[in-house]
């Protein structure tokens, strides 16, 4: 009996190994590429699944209103190139964010970026990693394991901090510095096939578990840099934080097939997901240009429900107002936005026809107005 089990294991082993996926450097992004990703912040009833393989992830019903394109360019096209002398590739987003990479035969390392602060305060600035954080590895194999440690720093002037949460510290510093010390556990824990809108990919999944210590420092006259995290009121921005993400790579595309933010005690639910944009979103000219503050409804035309995607807005309260073709207000929703957000609304009480929806800030300024069609079967 033992002999038969051993023989079965030996015979099956080549098939198990063949089913596994190794990611190679041929799919590393290069200068001249454009990487297109979409995001669904309200996925319904999706699971992350167990480790191991082969697994199947059925994510074909994801919804998104647009594709966000990162253009890979020569570093000399960057506004902050002199700050990252080791970089040999630049990633540019429509909103002005710039990501500086060092590409080698085995890795793509992120040296730093210019964009929104890493803790969600809504402040734009320059961020540096020390040492650089490895964004891609090759070859990448099932059960690979890495334990890097790195630190991200962002310095903010006192003027840039005005009007933000950082105003709450009871001192007047020359400048402030955000430091994020991270211990990462990176395990390639699953493989299989992933069905996305428009395509199916053979994927290798990497689990990134980050233990972070987020510190605020202030530069004080005659004293220098001091840790002032304890002076902050209780908040969700600073202190200890544990974050987990699942990233799915494929040899068929240069983008990640998906980046999943899990939720739940066992990380089994999908809270939000970035995914390789389907062809129709990659090529369509959208009414909302990612990088510009605004809101976009989808699907449009809608039947009884619609999602409203709020992007690139400063943290605060907003009003989403709906008007009929006569200009009469028929509904208004109050929305708190901190970072990008998606709101799902029931529209069954709207009659068939054309409506306008406007995004209004706390000062009463209308930021955008767009058209929404309601149809009935």
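The values are calculated or read from the model by the stated rules, or taken from the named source; none is laboratory data. Fair warning: this is a prediction, and the values are worked out from it, not measured in the lab. All Cβ positions, even for glycine, are placed from backbone atoms using ideal geometry, and neighbour counts span all protein chains on display.
Here are a few things to note about the model shown:
- Search result, residues across region 306-317 that are buried (at least 19 other Cβ atoms within 10 Å of the Cβ) and outside any loop (DSSP other than H, G, I, E, B): 306, 307, 308, 309, 310, 311
- If the condition is being assigned to a loop (DSSP other than H, G, I, E, B) and within 22 Å of residue 260 (Cα to Cα), then region 57-96 contributes 59, 60, 61, 62, 63, 64, 65, 66, 67, 93.
- Qualifying residue in region 144-156 (condition: surrounded by 14 or more Cβ atoms within 10 Å (Cβ to Cβ), modelled with pLDDT under 95 and in contact with a helix residue (DSSP H, G or I) (Cβ under 9 Å, 6 or more places away or on another chain)): yes
- Among the candidates 215, 171, 180, the residue that is at pLDDT below 95, farther than 30 Å from residue 21 by Cβ and assigned by TED's automatic domain parsing to the domain that holds residue 101 is uniquely 171.
- When we screen 356, 320 for residues that are surrounded by fewer than 17 Cβ atoms within 10 Å (Cβ to Cβ) and modelled with pLDDT of 95 or more, the only hit is 356.
- When the criteria are applied in full, residue 258 fails the requirement of being farther than 29 Å from residue 141 by Cα and in contact with a strand residue (DSSP E or B) (Cβ under 8 Å, 6 or more places away or on another chain).
- Residues (in a loop (DSSP other than H, G, I, E, B) and in contact (Cβ under 8 Å) with a residue 60 or more places away in the chain) located in region 176-224: 197, 198
- Considering region 226-305, the qualifying strands (runs of 3 or more DSSP E), each wholly inside and each with 1 or more residues that are at pLDDT below 90, run over 294-298.
- The single condition from (1) at pLDDT 90 or above; (2) surrounded by 14 or more Cβ atoms within 10 Å (Cβ to Cβ) that residue 60 fails is (2).
- Criterion (modelled with pLDDT under 90 and either surrounded by fewer than 17 Cβ atoms within 10 Å (Cβ to Cβ) or over 30 Å from residue 20 (Cα atoms) (or both)) met by exactly one of 106, 162, 97: 162
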